[in-house]
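Since the structure comes first, as structure tokens, the remarks are kept for the end.
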Amino acid sequence: MSLSYILIALIAMFGHSEDFLGTTLLSRPLVLGPLVGLVLGDPEQGVIIGATLELIFMGNIKVGAAIPPDVITGGVLGTAFAIISGKGPAIALAIAVPVSILAEMLISSLFVFRAVINKKFNQYADEGDFNGIQRLHILSGIIRPILMGIIILLALQLGATVMKDFLALIPAWVQTGLQVAGNMLPALGFALLMNLMFNKTVAPYFFLGFMLAAYLKLPVIAIGGLGIIIALIVTQVTPKTDDDDDDDFSESKEEAKPLKKLNNKDIRNVFLRSMALEANFNFETWQNTGYAFSIIPVLKRLYTTKEAMAAALKRHLQLFNTSPYGSTLILGITAAMEEQNSNDPGFDAESISTVKLGLMGPLAGVFDSLFWGTFKVIAAGVGTSLAIKGNIMGPVLFLLIFNVPHLVLRYNLTFIGYRAGTKFLQNLAKNNVMDRLTKGASILGLMVVGAMPATLMSIRTPISIGSDKSEITIQSVLDQVVPAIIPLGLTFLVYYFVKNGAKTTHLLLGLLALGFIGSMIHLFA
Amino acid sequence: MIKLTRIDDRLVHGQVAFTWTPALGVNCLLIANDKVAKDEFLKMALGLAKPAGTKLLIKSLADAAAFLNDEKSRNLKILLIINSVKDAYALVNEVSEIKSVNFGGIRLKDGAKLISKAVAIDDEDITLVRELLDKGIELELRQVPTDTKQMVGSLI
């Protein structure tokens, strides 16, 4: 068994551990591809393949309880086989797509198993055994990376030679066809993103992004920067609003004079543990054990009797599901309520559950839109546009653009939730901040999406007219008048089908066929 | 005009704000729920999740039915959200425009059974589902718009 296979399996395990690591996009092909490339001695190829796969799986997002194809297993195996066989991104894609769909089925069956161990969690809660809950949460979460690691190791060990021989048989014209088809697939990702973000009111921002990229050739990072400025002007958000909020809620906790008090370390622990919120995600009770796991430092500080601990654990093992990115706000708010509950015998503990259940849906709406609709889009736009040329800064910026705002916000929301409680939210609601924030975020996101067809899809036509001497290629004419019109047209075509309810798999196959046939009849290159 | 009637016990959340609203092109989210209509805290929280450029209305079942039957609501593109099969049943009986109900998310409770990843119904719900099917109402199950429609009738 070769060392590199073991290392690749470890990379896949790392990707599958994302639910322990704060859902920080570590599992994306753009991050894992370069790592696989590094192990196999060709980091640059890894970066390029990672970017290619990222583009295709771009519209593939995790919202609520919907589980997308497993891009980790598909991406890692696709990248590995492509580099081992020396065949490049087109082959990576041909492997990654079917493998990710197969692997998703396998993971779905894991979720069934998780439903079974839910009973055990409740037993521990009855006994007030928070250690048992912590252990089981980690144990159940760790099964997935271990299982998938073994599968990938086996696939590499048993499949590498066969795959290499098989891939060597692929004739050049098939490979060219695959490559053109692969260049077309991002249209599906863009169309899926547009389906979430595009409408008549914000359409101008999409075309602004497109024109800045197509005519002025601005890099995505510059378009993102312009987008921020335009969003700020349009929504007139001034950074001052933060201060106003502070004044209102600072006095909120003074008069209670609590006997038991949580300290900053406890709250920081809640933030750190919230990284594992989704480790034991299941379809019966969703993130409930992750929530209990996160709040245990608080409960340990506040409750000394077995009865009180058991009651609190049961409270937090109730069904829960929200966006991991904003989860700490609710955790902070409930930490403050638990503190009050432990000091005031007249406190209605039921109200803790009411607040949790009341906030989880709406806040998921806010934070999912913000992170999946804006930060992820910008991160992927900037990251892939650099990585597709083999620039290692692509994956680095991808992670930074998403996670710097994510982690700063997630950390601070824990403390804001604890100190200000629901007053913070009431202030937000009063000042109409959210409306401006979502509007600004959608403008920014859409400008970057508009830039994508022009920057990230290289579909051209080799058709030429005229005789040998005065031959003019259609593409050169297009480039002067409407550059990137083919990628844009293709994106809108797919968007039209998505809008009219076409199935994603059908569109995927359709695009593959179009690219393949288009390449054979020399319509596209 | 009602673009979609959805049963979702989290009411407005990521899937609704971020996938259904843009995919359907609606400009009004109407939450019909007797409890929420009286709860200022929940109303505040739901207000935060309102997607940009849409109107959020929170009404009791009776008020929602009256609103939907009023001519004035014809000009709005509405995503109607209720949180239970029971409320869906009540509205179908009051509002003739509802010909199809989307089952989005109903959490598991005692006595209920999961019929898909995100939808659990109990015996009482099944009785109502059968009655709705007899009336010729389409009952389909999708979490997000890009999911393939599953028919609830074939899952019970």
Can we say A:I48 is within 30 Å of B:F103 (Cβ to Cβ), assigned by TED's automatic domain parsing to the domain that holds A:G141 and either assigned to a helix (DSSP H, G or I) or at pLDDT below 95 (or both)? no
Which residue, of A:M360, A:M337, is more than 30 Å from A:F57 (Cβ to Cβ) and either among the small types (G, A, S) or within 14 Å of chain B (Cβ to nearest Cβ) (or both)? A:M337
Let me spell it out: the conditions are (1) under 29 Å from A:V202 (Cα atoms); (2) modelled with pLDDT of 95 or more, and B:N75 meets all of them except one. Which number is the exception? (2)
From the list A:T322, A:T289, A:T328, A:T304, pick out the single residue that is assigned to a loop (DSSP other than H, G, I, E, B) and under 25 Å from the mean Cα position of the chain (by Cα). A:T322
Which one of the conditions (1) surrounded by fewer than 15 Cβ atoms within 10 Å (Cβ to Cβ); (2) among the charged types (D, E, K, R); (3) within 14 Å of chain B (Cβ to nearest Cβ) does A:D479 fail to meet, given that it meets all the rest? (3)
If A:R144 passes every condition in (1) over 28 Å from the mean Cα position of the chain (by Cα); (2) more than 14 Å from chain B (Cβ to nearest Cβ) but one, which one does it miss? (1)
Which one is modelled with the lowest pLDDT, of the residues in region B:1-25 that are part of a loop (DSSP other than H, G, I, E, B) and surrounded by fewer than 24 Cβ atoms within 10 Å (Cβ to Cβ)? B:G25
Mind counting the residues in region A:477-504 that are in a helix (DSSP H, G or I) and either under 25 Å from the mean Cα position of the chain (by Cα) or closer than 12 Å to A:L188 by Cβ (or both)? 13
Identify, please: which residue in region A:152-172 is over 16 Å from A:A92 (Cβ atoms) and touching a helix residue (DSSP H, G or I) at 6+ places or on another chain (Cβ under 7 Å) and is, among those, surrounded by the most Cβ atoms within 10 Å (Cβ to Cβ)? A:L153
Give region B:99-110 a look and list any residue that's surrounded by fewer than 19 Cβ atoms within 10 Å (Cβ to Cβ) and either touching a residue at least 40 places away in the same chain (Cβ under 8 Å) or touching a Pro at 6+ places or on another chain (Cβ under 6 Å) (or both), or say none. B:S100
Tell me whether region A:103-118 contains one or more residues that are in contact with a Pro (Cβ under 6 Å, 6 or more places away or on another chain) and in the same structural domain as A:G50 (by TED's automatic domain parsing). yes
Consider region A:210-223. How many of its residues are crowded, with 23+ Cβ neighbours inside 10 Å and within 26 Å of A:I49 (Cβ to Cβ)? 3
Among the candidates A:V112, A:V97, residue that is loosely packed, with under 15 Cβ neighbours inside 10 Å and over 18 Å from A:G149 (Cα atoms): A:V112
Qualifying positions in region B:111-129 - free of Cβ contacts under 8 Å to residues at least 24 places away in the same chain, in a helix (DSSP H, G or I) and closer than 28 Å to A:K119 by Cβ: B:D123
Qualifying residue in region A:186-195 (condition: of a type in the set (S, T, N, Q), loosely packed, with under 15 Cβ neighbours inside 10 Å and assigned by TED's automatic domain parsing to the domain that holds A:V481): no
Could you please let me know if A:T422 is within 14 Å of chain B (Cβ to nearest Cβ), touching a residue at least 60 places away in the same chain (Cβ under 8 Å), under 29 Å from the mean Cα position of the chain (by Cα) and under 19 Å from A:M360 (Cα atoms)? yes
Under 9 Å between Cβ atoms, at least 6 apart or on separate chains: pull out the pairs that start in region A:376-398 with a residue that is under 13 Å from A:E54 (Cβ atoms) and among the polar types (S, T, N, Q) and end on any residue that is surrounded by fewer than 22 Cβ atoms within 10 Å (Cβ to Cβ) and at pLDDT below 95. A:S385/A:P219; A:S385/A:I221
When region A:186-202 is examined, which residues are found to be within 12 Å of chain B (Cβ to nearest Cβ) and in a helix (DSSP H, G or I)? A:L188, A:A191, A:L192, A:L193, A:M194, A:N195, A:L196, A:M197
Tally, over region A:368-391, of residues that are surrounded by fewer than 24 Cβ atoms within 10 Å (Cβ to Cβ), more than 7 Å from chain B (Cβ to nearest Cβ) and under 16 Å from A:P324 (Cβ atoms): 2
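The values are calculated or read from the model by the stated rules, or taken from the named source; none is laboratory data. The structure presented is a predicted model; accordingly, all values stated were derived computationally and were not measured. Backbone-built Cβ (ideal geometry, glycine too); neighbour counts: all protein chains shown.
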